[in-house]
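Have a look at the structure below, then the notes.
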Amino acid sequence: MPSRAEPFRPPARLLLGPGPSGVDPRVLAAMAHPPLGHLDPDFLSLMDDVRQMLREVFVTANEVTLAVPGTGTAGMEAAVANLVEPGDRVVVCVAGYFGARMAEMARRLGARVTAVEAPWGASVPPGPVEDALRRADGPVKVVSLVHAETSTGVLQPLDDIVRLARRAGALVLVDAVTSLGGMPLAVDAVGGSGIDVCYSGTQKCLGSPPGLAPITVSPRAWEAIRSRRAACASFYLDLVLLNAYWGGDRAYHHTAPINALYGLRESLRLLLDEGLTARFDRHRRAHEQLRRGVEGLGLSFLVEEDSRLPMLNALRVPEGADDREVRRRLLAEHHIEIGGGLGPLAGAVWRVGLMGSSAREENVARFLTAMRIILGAPRMSKAPRRS
Ligand code: PLP
């Protein structure tokens, strides 16, 4: 156990859980620079860089694009608290833990929430959303979706639901905490007319430590936010105030997490140097390698093949295996972290994240070797050599 007489030195870990994921040394080095003041012109120009690079990653022209202080949940709270006013009708798609969290936030903000639910392990189909929109006793202000449901490993298709929401005159809110930077998501193009508010978190496929929540707001949603009946109930997450600091008169709103923004800038540079397509391919390849490997170990996925996320793999805990003991041994003996199941999936799945700089061939190979040892599985037979 580390004692406080010594500086803390985290043990070396391979982070293959649902987040945080591994951080490139270049990002860590960027974060080790001395802080600047939050109104220093050099820092403001770093914020401009971050803003522009976030637009490229979100694939949007939205002027209002910034990084909210706080983790992915702060992004969720900023999105919901700014869009929703007491009494507003909101349709929330719930197919796992994070959809349920979004519904809970909207309820706490006084919205009239209709949760359209799907079983954990599936996505929400458009039909029930269409029904919910049709049955609403007045205009629905927001339809919300979780693009990559981290609790189940399911990809939520967006296009059809975005079209339905648009037809009903509702704004579309998308959680991209796990998907952004790891799989295609073009905010302005989804469903033909784009998403209105989309937020993420830095600690997954974007490759920075936790602490910031990128968010982007369409002109349509910005209009709705600016014409609210009352100011946003949260001062800290008020996007009008945050945007004034990021892109308006640069007025003080909060002391920006300076070093976290150094890190985000470097991780976005890494991402854009690699290229979005190459990065998505890398995540896909790591997922395919994992799929082949775990099938060789006799493990199976919770989710049907065509709905699986590349960056979050929910594997069923096999009969006779002790979920916690396997995860304990992975960490203690192999220094690898993976996640357990949440809610109704607790004890039933392992969640293996292949996100950002963690999504690499050597990491998948190391995980498979460790699992083979722990599960006592025979070595996978090699493909026969061609003579
Ligand atoms: N939304 C999704 C889909 C997530 O996976 C997470 C975290 O895992 C969150 C929101 C909340 O993010 P955070 O834990 O960074 O606050």
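Quick look at the values:
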{"read-out": "Of all residues in region 164-189 being part of a helix (DSSP H, G or I) and farther than 24 Å from Pro119 by Cβ, the one that is farthest from the ligand (Cβ to nearest atom)", "value": "Arg167"}
{"read-out": "So Leu28, is it under 21 Å from the mean Cα position of the chain (by Cα), of a type in the set (A, V, I, L, M) and over 29 Å from Gly169 (Cβ atoms)", "value": "yes"}
{"read-out": "Helices (runs of 4 or more DSSP H) fully within region 1-118 counting 2 or more residues that are away from the ligand (no atom under 15 Å from the Cβ) and within 30 Å of Asp131 (Cβ to Cβ)", "value": "72-83, 97-108"}
{"read-out": "Test: residue in region 95-105 that is open to solvent by less than 30 Å² (accessible area, probe 1.4 Å), touching a Phe, Trp or Tyr at 6+ places or on another chain (Cβ under 8 Å) and not aromatic (Phe, Trp, Tyr)", "value": "yes"}
{"read-out": "Any hit, region 186-206, residues being open to solvent by 10 Å² or more (accessible area, probe 1.4 Å), within 14 Å of the chain's Cα centre (by Cα) and within 18 Å of Leu261 (Cβ to Cβ)", "value": "yes"}
{"read-out": "Test: residue in region 192-206 that is away from the ligand (no atom under 16 Å from the Cβ), of a type in the set (D, E, K, R), on the phi < 0 side of the Ramachandran plot and assigned to a loop (DSSP other than H, G, I, E, B)", "value": "yes"}
{"read-out": "Lone unmet requirement of (1) of a type in the set (A, V, I, L, M); (2) out of contact with any strand residue (DSSP E or B) (no Cβ under 8 Å at 6 or more places or on another chain); (3) touching a residue at least 60 places away in the same chain (Cβ under 8 Å) for Ala244", "value": "(3)"}
{"read-out": "Sole exception among (1) closer than 21 Å to Val162 by Cβ; (2) loosely packed, with under 12 Cβ neighbours inside 10 Å for Gly87, by number", "value": "(1)"}
{"read-out": "Contacts under 6 angstrom Cβ, first residue in region 70-87 being under 14 Å from Gly19 (Cβ atoms), partner near the ligand (Cβ under 7 Å from one of its atoms) and open to solvent by 10 Å² or more (accessible area, probe 1.4 Å), 6 or more apart", "value": "Thr71/Pro210; Gly72/Val177"}
{"read-out": "Leading residue by the ranking (farthest from the ligand (Cβ to nearest atom)) among those in region 208-228 that are over 11 Å from the mean Cα position of the chain (by Cα), buried (at least 24 other Cβ atoms within 10 Å of the Cβ) and within 29 Å of Val27 (Cα to Cα)", "value": "Val217"}
{"read-out": "Qualifying residue in region 299-311 (condition: surrounded by fewer than 17 Cβ atoms within 10 Å (Cβ to Cβ) and farther than 17 Å from Ala148 by Cβ)", "value": "yes"}
{"read-out": "One residue from Glu362, Glu319 being over 18 Å from the mean Cα position of the chain (by Cα), surrounded by fewer than 18 Cβ atoms within 10 Å (Cβ to Cβ) and not in a loop (DSSP other than H, G, I, E, B)", "value": "Glu362"}
{"read-out": "Residues of region 117-138 classified as buried (at least 18 other Cβ atoms within 10 Å of the Cβ) and in contact with a Gly (Cβ under 9 Å, 6 or more places away or on another chain), total", "value": "4"}
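The values are calculated or read from the model by the stated rules, or taken from the named source; none is laboratory data. Just so it is clear, the structure is predicted and the values come from calculations on it, not from any experiment. Cβ sites come from the backbone with ideal geometry, for glycine too, and all protein chains shown count toward neighbours. Side chains are part of the model used for accessible areas, which takes the heavy atoms of the whole protein and leaves out ligands, DNA and RNA. Shrake-Rupley method; radii C 1.70, N 1.55, O 1.52, S 1.80 Å.
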